Amino acid sequence: MDIVIIGNGAAGMNAALDVRKRHPDWSITLISEESDHFFSRTALMWIHSGQLSHADTEPLERDVYARLNFRRVRARATGLDTTAKKVLLAGGLEPVPYDRLLVACGSRPRPTPFWSGYGELAGVGHFVTHQDLAWYEKEVHGGPSLAGGPPNAEAHLAATTEDSPYQFRPVAAEKRGRLAKEVAVIGGGLIGIEAVEVAHAAGLHPHFLIREEWFWPMALSKAESTWIAARMAEHGVQVHLEHEIEGLNGADGLVTGVKTNRGDIPADCVVIAIGVVPNTEWLGDAVERDKFGGIVVDEGLRTSAEGVFAAGDCASVRWFNGVQRPEQLWYTARDQGKLAACALMGDAVTYKRGSFYNSAKLFDIEWTQAGLVGFDLEDQEETYLEEQGAVRSTIRVVHRRGEVIGFNLLGRRYDHTVLIRWINERRSPDWVLEHLHEASFDTEFVPALSIAQGGR
Amino acid sequence: MYAQGQDGLMNTYRSPWRNRTPRTYALSATIIGFYCLLYFTDVLEPVAQAVKLQNKWYLYGALYCVFMTIGGIYMLRTHGNSRYHKLRITVNILVQIVLGFTLPFVMPFFGGKEFYWSYFWPLKYDYFFPDTLWGLPWYMALYTLLGSLVLTPVLALAFGKRWYCSWVCGCGALANTFGDPWRHMTSSSTASWRFEKYSIHAVLLFILGLTGIMLVDGFGGKQIGWFHELAGQTKWVYGFFVGSVLSGVIGTGVYPVLGPRIWCRNFCPMAAILGITQKAGRFRIAVKPDMCISCGNCTTYCEMGIDVRAYAQQNESFTRASCVGCGMCAHVCPRGVLKLENGALELNTDKAASGQLSIDF
């Protein structure tokens, strides 16, 4: 049996590991354009600052491919021949035949509506891939940390295409002979916040350009966003809200600023972080894709093509609320990868998405979300509280007809499993506020949650 | 204001003082040289007298406190927004200055005997040797017996080995202050874990054997000439290789290139006993399920080389014998996935002792 997996990330690697556990003798091939080793993409920001090395971000030891007999191909997949059951590769490489195929090729940066052509201006890039990281490190620090870059960083260049998201971007700092001083980050999502944070960690005062009235409206309310923006401003970040981007300025092939509806912002390095989309154009019509570009899969993670499955960021699955769209999260990629392994081995499987939850850290502010927040449902009400004491935190409880449906919590750590249990138990807003400390996951000696009476 | 979580990004791998560079190798060589001079020569005696200290060991004690305090300030500046670290490092420094330096220093002046209240058998191994015990005032002898045989295991059952290794012990205190800049140098490879398993238990067996021999020697074995000679030689071998070379010269000397807990992780017999006790106790690292993003901060900054991430990825709360409960994994976790806690009393079974459990099959 020839198993081929396109993608070396959380979904692809977890699938490969689980198939190998049951079938020591099956041939397993992992095709990856980006990297020799499975790594945690969510850790790019720490590599940039120097907090982690590349090896630190790899959950498995580097000999895993040799030890578990995974064949590894460092090349760009350019298409599928679903009739002959072959994966086509760039660079004139021999197509890879498969009996069963898992497409787990993840996301790529969202195409930029206000600008095109990376060749035109140096100093413009994203913060999604290893290659983006290498570019952004060169702009801000002059190169990787003392721990070095990833091994065989350029191995894919012999087998890639011009439009690949894994191309290295032209570095303005090299052409200019000076590191970036004014970084501008476009886009107020999590990647944008990370790009801002690493620039700040390098001693810069980045511009943070956001189209909306407040940043990350998908996850935060205006009050919460303002609360965090105040912390960012304390750190010297220049937050520009309601700035519509119209284009980029440049001179002599180097970026010099960002054109907005409210005037120009000077910049010698621009990170475009307006989101990610499924990395699937290369598939063409080989499998059915939805309007987001996600590969449509059924509950068994089967695509429209025989013997082809999809998992992770690139797969469009059915959400708990019935909508079909990709879920671009680490833990869903891992879970889908493990389920895809069963599907590849012929098991009947059903992917069932539970309640939504997520967490992150925005600068030094802990964030936990659980349930339905930001869905703006009919009859939805919210209770918002701010804790002002030894610890500063905010609490937003979303409820509907007397029952809690979601939580958005900043400044403390919470166990989301408890929050989700309360949602399933249909608790009232008053009850959860009274018991909220029971969901605490704060470290030891952190003062207990105290909400002033009448603070609502 | 924020009482947990790393405040700001670290630039660890961008600092030439915190990577394997010529200057950290030179620093390592300097520390090794210092310990060789201290242990095996008397060149530090005149230095001690010049600064009006009784002997080189008091000079060493004073330097120990100075480096610990400087390192403690560095540590708290780097990670100090956590209450756990603030309390822990403060206690560490106070214990060392008061119990490890001042008290032993002043006690002889009041007619007492030099005695280290913060050390127990088997780390302070000679405290159990009859010759030492008989020479102590009764309350010190009682303290050392109760401290080693009752207090240590009871506290380890209740709070894990951290009560000692991360709050009281001088070796641990130096590692977590002066050694903190290099905690990421600790290897988390499977090979390093295999080595640790054998090395630490070999030293434990050695000290158990030596203590047995010394007890026999003290209770009459002395009369037999060859036995007494054997006891003396065994004691010298342990004192030289374990007491001096492994705990001092190597243990501290390799901080800048192999991480600060080489002694604690691989050789300390006290840590071995505490670790076994901890496995049966309440302490554990709780894992919040399905929130880990595999970034690797916990594993990287674990000074004991535990692959914390592997447990977090498996949604598995765990107790590892080697964990000293320094709290750094929970501190650096960007998703608040980890939490040190003294849970309900239950026997912990270690399903995945290997450093790389997700591929351990």
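Where a number appears in this text, it was derived from the coordinates with a stated rule and is not lab data. Here the structure is a predicted model, which means the values were calculated and not measured. Cβ: placed from backbone, ideal geometry, glycine included. Neighbour counts: every protein chain shown.
Observations on the model:
- FRET efficiency, A:Glu434 to A:Arg71 (Cβ-Cβ, R0 51 Å, nearest 0.05): 0.35
- The lysines within cross-link reach of A:Lys175, meaning a Cα-to-Cα straight distance under 17 Å and a gap of 8 or more places when in the same chain, are A:Lys138.
- D (Stokes-Einstein, µm²/s), Kirkwood Cα radius, segment B:115-210, 1.567 mPa s at 4 °C: 84
- Amide H partners (placed H, <5 Å) of A:Ile5, local residues excluded: A:Thr29, A:Leu30, A:Ile31, A:Leu102
- Amide H contacts for A:Arg400 (H built 1.01 Å from N in the peptide plane; partners 5 or more residues away or on another chain; cut-off under 5 Å): A:Glu381, A:Ile405.
- Mean ellipticity per residue at 222 nm, deg cm²/dmol - from DSSP H runs of n ≥ 4 across chain B, formula -39500 (n - 2.57): -14500 deg cm²/dmol
- Percent of Cα pairs exceeding the 21 Å cut-off, where the set is segment A:302-405: 51
- With respect to chain B, whose longest principal axis is taken over its alpha-carbon atoms, helix B:22-40 is tilted by about 20°.
- Per-selection Kirkwood Rh - the protein assembly as shown (Cα, Å, 1 d.p.): 29.0
- The value given for segment A:169-274 is a Kirkwood hydrodynamic radius of 14.0 Å, derived from the mean inverse Cα-Cα separation.
- Long pairs among A:Lys181/A:Lys361; A:Lys259/A:Lys361; B:Lys161/B:Lys197; A:Lys181/A:Lys259, criterion Cα-Cα beyond 23 Å: A:Lys181/A:Lys361; A:Lys259/A:Lys361
- DSSP H segments from chain A that extend 20 Å or more along their own axis, Cα-based, with Kyte-Doolittle mean of -1.0 or above: A:330-344
- Hits among lysines - C-alpha to C-alpha of A:Lys291 under 24 Å, sequence gap 8 or more where chains match: A:Lys352
- For A:160-171, mean number of other protein chain Cβ atoms within 10 Å: 0
- When only Cα pairs below 8 angstrom with a gap of at least 6 residues are kept, segment A:357-439 shows a relative contact order of 28 percent.
- Translational diffusion coefficient of segment A:357-439 (Stokes-Einstein, Kirkwood radius from Cα pairs, 10 °C, 1.306 mPa s): 125 µm²/s.
- For chain B, built as a Gaussian network whose Cα springs stay under 10 Å, the top-fluctuating residue of B:Thr152, B:Thr24, B:Thr12: B:Thr12
- Over chain A, Cα pairs under 8 Å with separation of 6+ residues give a relative contact order of 14 percent.
- Highest mobility in the GNM of chain B, judged by mean-square fluctuation with C-alpha springs under 10 Å and restricted to B:Ala310, B:Ala50, B:Ala173, is found for B:Ala50.
- Rounded FRET efficiency, nearest 0.05, which uses the C-beta distance separating A:Lys21 from A:Arg62 and R0 of 22 Å: 0.65
- Once the Cα-Cα distance is subtracted from the 0.36 nm per residue extended length, the A:His235 to A:Ala223 segment shows a gain of 2.4 nm.
- Here the simple spin-label model places points 7 Å from the Cα toward Cβ, and for B:Asp42 and B:Phe110 these points are separated by 3.1 nm.
- Stokes-Einstein diffusion for chain A at 10 °C, viscosity 1.306 mPa s, with a Kirkwood radius from C-alpha pairs, works out to 68 µm²/s.
- Per-residue mean of foreign Cβ neighbours for A:35-42 is 3 (Cβ atoms of other chains, 10 Å radius).
- Mean-position separation - Cα centroids, segment A:305-364 and segment A:1-63, in angstrom: 17
- Beta bridges per DSSP with both ends in chain A, % antiparallel, nearest 5: 65
- Note on chain A: helix-only mean residue ellipticity at 222 nm, from DSSP H runs of 4+ residues weighted -39500 (n - 2.57) and normalised by residue number, equals -6000 deg cm²/dmol.
- Segment B:193-285, Cα convex hull volume normalised per residue, Å³: 106
- GNM result for chain B, Cα springs below 10 Å: residue of B:Ile93, B:Ile293, B:Ile213 fluctuating most strongly: B:Ile293
- Full extension of the chain segment joining A:Lys291 with A:Glu306 gains 3.2 nm, where the gain is 0.36 nm per residue of separation less the Cα-Cα distance.
- Eigen-decomposition of the gyration tensor built on the alpha-carbon atoms of chain B gives equivalent ellipsoid semi-axes of 34, 25, 20 angstrom, largest listed first.
- Relative contact order of chain B, pairs being alpha-carbon contacts under 8 Å that are 6 or more residues apart, as %: 21
- Calculated P(r) tail over 19 Å for segment A:233-340, as whole % of Cα pairs: 59
- Here the simple spin-label model places points 7 Å from the Cα toward Cβ, and for A:Arg325 and B:Glu316 these points are separated by 3.6 nm.
- Packing around the peptides B:279-289, A:2-12, A:248-258, B:176-186, taken as the average count of other Cβ atoms within 10 Å per residue, puts them in this order, highest first: A:2-12, B:176-186, B:279-289, A:248-258.
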